[in-house]
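Okay, so here's the structure we're looking at.
The values are calculated or read from the model by the stated rules, or taken from the named source; none is laboratory data. The model shown is predicted, which means the values in this text are computed figures rather than measured ones. Side chains are part of the model used for accessible areas, which takes the heavy atoms of the whole protein and leaves out ligands, DNA and RNA. Shrake-Rupley method; radii C 1.70, N 1.55, O 1.52, S 1.80 Å.
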Amino acid sequence: MISFIWFLLIGLAAGWLAGRILRGKGFGLIANLVIGVVGSFLGGIVFGLLGFRSYGLVAELIVAVIGAILLIFIAGLIKKR
């Protein structure tokens, strides 16, 4: 249960950071936080498929932010259509 809470906290932080990094390309604070949680899961899958593993809080946060940025980018492409 504790690891799930950490997963959510890291995802929320990743969504917030991704929104700050992409300035203006996000979907607002709440949506970015939700996208961050989903993006952290996506980032873990993508990095796992590439053979990378994240160990430690900072590495997990980096993977989560990259996943959230990727998801915000994809959602932005879908939103434009």
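At-a-glance table
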item: Which numbered condition ALA18 misses (of (1) open to solvent by less than 90 Å² (accessible area, probe 1.4 Å); (2) modelled with pLDDT of 90 or more); result: (2)
item: Residue ID - most open to solvent (accessible area, probe 1.4 Å), chosen from residues in segment 22-81 that are in a helix (DSSP H, G or I) and of a type in the set (Lys, Arg); result: LYS80
